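Inspection log for the structure reproduced underneath, given as structure tokens.
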Amino acid sequence: MMETQLILVLAIIAIFIAFALFVWGFVPEKIEEDEIFGYRLTKRKRLLEENELYALILPMVKLFAHYMRILPDKFLIFNIREFREDLSDKLKKSGYIGAFIPNEFLGMCCVVAVGTTIFMLLFTLMIGEAPNIGLSILAGFISLALPYIQLNSTISERLLELDLRLPYTVDLLLLSMRAGLDFMTAVDRVVERGQQQNPDDPMIQELGVVLQEMRVGTARSDALLNLCARVNSDYLDTMVGAILQSEKRGTPLVKVLEIQVKTIRNKRTAKIEKAASQAAVKILLPLMFIFGAVVLVVVGAMTLQVMGEGTF
């Protein structure tokens, strides 16, 4: 009994010493981090207040991001610089998932990998006599890609939400412009009220960026083209093209927006009807398998009855 207690105490002391050495050797005295501004900063503040798990893992994310920042532009066969640029573009399209910058997102991947490895070590220890170190490291290595998969999924979901919110947002712009406001003032009014009601509305976020660009001197046409480049939505591309044509021809913008919002709704309705018509065709294959299984059961039972080897 005394030997078991002594071993337990020594194990606790060894774990404490290992953790102290890890902190002393791995954690720097000062962690360098990039400044964040605008919507990304406000989103991080809200996440820290509302999500306890986010507040818990953020220091670890910043720690790994510190070491990701000092990686060279080319590491072994990987071009880290191009990967960071691609990641920065994806983070913008995702609405700044987690309010992360590229290095912090890479740090998040490392945190997920470490967490998965520790979980697998404990899990294999519980179901076996000893932890499976090889399987745990493999699971941690595979889990490095999980945040990146989630990022791509978030981009797709955000694009769908943008297409859904676009007609409603254009309606709000039309109401403001019919009341006598010009385009920039109408956008300002819609963005201001939208940020109060739902700051995570993707359409409000993108219009806020357009408004900021116009305020610093960017031409309206360039700001709208930048919007199309960020969002990559067919509906938005069509509407912006019509707005730019109205500027060249002198057509009233209110009429153009009215036509475009009706066109967008008609296209969405046609798309939904097409998907509904295709659903009947797509469901035929699983129905055929179900029907085949039913026929097999019935015919098999009848065959067994006829042969006297079973009962129906």
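Quick test for you: out of PHE119, PHE75, PHE141, pick the one residue that is over 17 Å from the mean Cα position of the chain (by Cα), among the aromatic types (Phe, Trp, Tyr) and modelled with pLDDT of 90 or more. Walk me through how you get there before you give the answer.
Working: PHE119 fails: modelled with pLDDT of 90 or more; PHE75 fails: modelled with pLDDT of 90 or more.
Exactly one of PHE119, PHE75, PHE141 is over 17 Å from the mean Cα position of the chain (by Cα), among the aromatic types (Phe, Trp, Tyr) and modelled with pLDDT of 90 or more, namely PHE141.
For region 162-184, state whether one or more residues are under 23 Å from ARG268 (Cα atoms), acidic (Asp, Glu) and assigned to a helix (DSSP H, G or I).
The answer is yes; a qualifying residue exists.
Can you pull out the residues in region 143-176 that are in contact with a Phe, Trp or Tyr (Cβ under 7 Å, 6 or more places away or on another chain) and in the same structural domain as ASP234 (by TED's automatic domain parsing)? First the steps, then the outcome.
As a first pass, look at region 143-176 and keep what is in contact with a Phe, Trp or Tyr (Cβ under 7 Å, 6 or more places away or on another chain): 147, 163, 166.
Result: ASP163, LEU166.
Conditions (1) over 22 Å from ASP89 (Cα atoms); (2) at pLDDT 85 or above; (3) touching a helix residue (DSSP H, G or I) at 6+ places or on another chain (Cβ under 8 Å), marked per residue:
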| residue | (1), (2), (3) |
| --- | --- |
| GLU206 | no, yes, yes |
| VAL216 | no, no, no |
| ASP222 | no, yes, yes |
| LEU225 | no, yes, yes |
| ASN232 | no, no, yes |
| VAL240 | no, yes, yes |
| GLU247 | yes, no, yes |
| GLY250 | yes, no, no |
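Can you report the number of residues in region 181-197 which are closer than 13 Å to LEU253 by Cβ, of a type outside the set (Ser, Thr, Tyr) and surrounded by fewer than 19 Cβ atoms within 10 Å (Cβ to Cβ)?
Number satisfying all stated conditions: 4.
Does at least one position in region 55-64 carry a residue that is at pLDDT 80 or above, over 20 Å from GLY115 (Cα atoms) and surrounded by 15 or more Cβ atoms within 10 Å (Cβ to Cβ)?
no
Evaluate the following for GLY115: is it under 30 Å from ILE133 (Cβ atoms) and not hydrophobic (A, V, I, L, M, F, W, C)? Let's see the steps before the verdict.
Details: under 30 Å from ILE133 (Cβ atoms): yes; not hydrophobic (A, V, I, L, M, F, W, C): yes.
Judged against the criteria, GLY115 is a match.
Name the residue, out of MET120, MET126, that is out of contact with any strand residue (DSSP E or B) (no Cβ under 7 Å at 6 or more places or on another chain) and surrounded by 20 or more Cβ atoms within 10 Å (Cβ to Cβ). It would help to see each step written out before you state the result.
On the way: MET126 fails: surrounded by 20 or more Cβ atoms within 10 Å (Cβ to Cβ).
Result: MET120 is the single residue among MET120, MET126 that is out of contact with any strand residue (DSSP E or B) (no Cβ under 7 Å at 6 or more places or on another chain) and surrounded by 20 or more Cβ atoms within 10 Å (Cβ to Cβ).
Pick from SER246, SER176, SER233: which is out of contact with any strand residue (DSSP E or B) (no Cβ under 7 Å at 6 or more places or on another chain), surrounded by 16 or more Cβ atoms within 10 Å (Cβ to Cβ) and touching a residue at least 40 places away in the same chain (Cβ under 8 Å)?
Answer to the check: SER233.
The values are calculated or read from the model by the stated rules, or taken from the named source; none is laboratory data. Nothing here was measured: the structure is a model prediction, and the numbers come from that model. Please note: Cβ atoms are built from the backbone with ideal geometry, for glycine as well, and neighbour counts cover all protein chains shown.
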